[in-house]
Every structure is written in C-alpha cells, then in structure tokens.
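Peer 1: Sharing a structure here in structure tokens format.
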Amino acid sequence: MNEPDPHPDRHPDRHPDRQASGASAATCPPPVAEPRRPRTVLPAGACDSHCHIFGPTDTFPYAPDRTFTPPEAPKERLRALHRLLGLSRAVIVQSACHGTDHSALLDALEDGAGRCRGVAIVTSATPEAEVRRLHEAGVRGTRLHFTPHLGAAPSEEEIRAVVALVRPYGWHIALHVQGDGIADHEELVRSIPLPVVVDHMARVDLREGLESRAVHALRRLLQGGGVWVKLSGADRLATSPPRMDDSAALARLLVRDAPERVLWGTDFPHPNTHGFMPDDGDLTDLLAEIAPGAGDLRRLLVDNPVACFGFGTP
C-alpha cells in the first residue's frame, strides 16, 4: 500500500486519491486522540476564534478538487474538545477541503444555537442570495488564501468582487498568508474597506526573528487600526517544537501592541500539520504566557470576539 505524501502542501498535484473521502485516504495526521485537560481556567464566555470541522464525509463529502484530505473531525468531536478546554463559543472556519459547499458549516452553526459564528469561502461566482443565507445562519466573514498549498491566490479583480458581495453584511475578510506574505500584501490589506482578520499570526517565518520584514508589516497593520490578528497556530510557527517559546513571544508582542484587536483559537484539528501535532491542552496553557494578566485574557477570549464576530455579551 502506498504511504501518504508527508508534505502534501508542497505537492498539491500529486494526490491520486483526491476523489476519495474519509479518514482512510487522509493525507495529514489526526489530532491528539485524548488531549489533556489544561491547568489554565478560562473566563466565562471564552471563544475559540479559529477551528474547523471535517465531515463526516458520508453526509458532508469533501470537494473533488481539494488539495488535501484530512481525517474526519465532525462537530461532535469539536464540541467535546471545547467542553474539555472550557470554551463555550467558537468561530468555525470553512476549510478549503470542503470548498464552497458550506453544508457542514451550516449544520454546525444551527447546532450551535447562537454559540457559534462562521467564516465562509465566497467567490465572485457566489450568488448574493447565498451570501444572505450564510449571514442569516451566523457567518460573519470570508477567507482569502494566499498559501500555495491551498491553490492559486485570488486576483485583485476577484478580491474586489468578493468584497462587494459581503460588504453590505459588514463581514470581515480573513487573510491566510505565510512567510513574507503579510509584507507582500500590506497595501492590499490597507485597501480593503472592511475589517481584516489575519489568521495564525500571518504564519511568519520565525527563523528570521521578531525583527523580520513580515513581523514589522504585521505590527504596522495592527497599529493602524481596522486589522485583527488571530494568535492561533503557535505550533506551526515554532522553530523548535514541541517548544513554542518563540511563537509565544510573538503572540505576547502582538497582545502588547493591540490588546483590543487580538483573538485566539485552537486551529483544531490542525489540518496539514506534519512532524509535530500539538496537544490542545498545551496550546491552551500557553495562554498563561501569551496573556498573563486577567484583563488581557478576558479581552483576548471574550471581549474581542464579541466585538469582531458579533456575539452577544456573555
């Protein structure tokens, strides 16, 4: 039997099993089966501002043209994790492996009964009626990918069309970049007439340190207002995992720069992670280093998600 490619993000065109569904065809590993309960006690109303659900594929199949195949991680598993960690709210981000079919996301939002918000994948071909339906279900943003392993980046024309579609609903634009991407697209971010939420601390390359071009660009955007950043993906940025000292240091810096515009998420179930799979209990306990003050922790987990995603005050 052929082994899965250990680096599918580097070879998105080498997957003969793209048409398959389910965990048997997975091209990335599953999350930790039994994460530990964190020592850190989270405030009431704490929100996981970045997480995903995958499948179940017999009900919600993956897109045929996807560039990766994750193991199934349905809404029930996400809910169990949130109970363990002490999270009562969530922002579920549509995964590229489900494409523009939002059936699984809509099902989870309905099940969440107001405790969840969503981030969709909208294109210039998305009907306005579909955007309205997504908004009524609890979607509050759409994601743009500038990461090669998830396909071609959108053109400026496509971005303008997407912004025009979602602007009447006051959605944010979620920006997924990596490396120097945040610096390369700094002017684009400034030109978007909507709030912009940068995923995973812009996935900057921390081998270049905290004085890199990308880190400076991210900090400038935060300090200019209108831009938020998710302090998720500390495991992805860390240069010497399982130690995450350097990614925690970047997160602390961003909390200090803009305490009112930082968010935090688990990134469960950590899709396209290879080599180091974090324990979500460890990621939660990292919050004690990222936002050690009770005020900063409450802003990060409660107040800022209320302001950014339109939750009611807990």
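Peer 1: Name the residues whose placed amide hydrogens come within less than 5 Å of the amide hydrogen of V91, ignoring near sequence neighbours (fewer than 5 apart) on the same chain.
Peer 2: The answer is D48, S49, H50, C51, R117.
Peer 1: Which order, highest average first, do 41-53, 122-134, 209-221 follow once you tally other Cβ atoms within 10 Å for each residue and take the mean per peptide?
Peer 2: 41-53, 209-221, 122-134
Peer 1: Let me ask you something else. Relative contact order for segment 21-94: what percent, with Cα pairs under 8 Å and sequence separation of 6 or more?
Peer 2: Over segment 21-94, the number comes to 50 percent.
Peer 1: Right, another one. To the nearest Å, what is the center-to-center distance of segment 108-162 and segment 203-232, using C-alpha atoms only?
Peer 2: If we compute the Cα centre of each part, the gap is 24 Å.
Peer 1: Further, regarding this structure: Students often get this wrong, so try it: which of (i) 16.3; (ii) 20.1; (iii) 14.8 is mean projected area of the Cα convex hull in nm² as calculated from the structure shown?
Peer 2: Only one option fits the structure, namely (iii).
Peer 1: With only Lys, Arg, Asp and Glu charged, each at its Cβ (+1 for the first two, -1 for the last two), find how big the charge dipole of segment 183-228 is about the Cα centre; round to the nearest 20 debye. Walk me through the numbers on the way to the answer.
Peer 2: Values: 6 positive and 7 negative charges, 23 e Å.
Result for segment 183-228 is approximately 100 debye, rounded to the nearest 20.
Peer 1: Right, something else. About the Cα centre, and with charges only on the beta carbon of Lys, Arg (+1) and Asp, Glu (-1), how big is the dipole of the chain? Nearest 20 debye, please. Display every interim value, and only then the final one.
Peer 2: Working: 34 positive and 42 negative charges, 177 e Å.
In debye, rounded to 20, the chain gives about 840.
Peer 1: Related question: Considering only protein heavy atoms and a probe of 1.4 Å, how much of the accessible area of segment 134-176 is carbon and sulfur, as a whole percent?
Peer 2: Carbon with sulfur: 50 percent of the solvent-accessible area.
Peer 1: Another question about this same structure. Given a 1.4 angstrom probe, what's the average accessible area per residue across the chain, in square angstrom?
Peer 2: For the chain, the per-residue accessible area is 42 Å².
The values are calculated or read from the model by the stated rules, or taken from the named source; none is laboratory data. This is a predicted model, so every value here is computed, not measured. Here the Cβ is made from the backbone with ideal geometry for all residues, glycine too, and neighbour counts use every protein chain on show. Ligands, DNA and RNA are stripped out before the accessible areas are found, and what is left, the full protein with its side chains, is counted by its heavy atoms. Shrake-Rupley method; radii C 1.70, N 1.55, O 1.52, S 1.80 Å.
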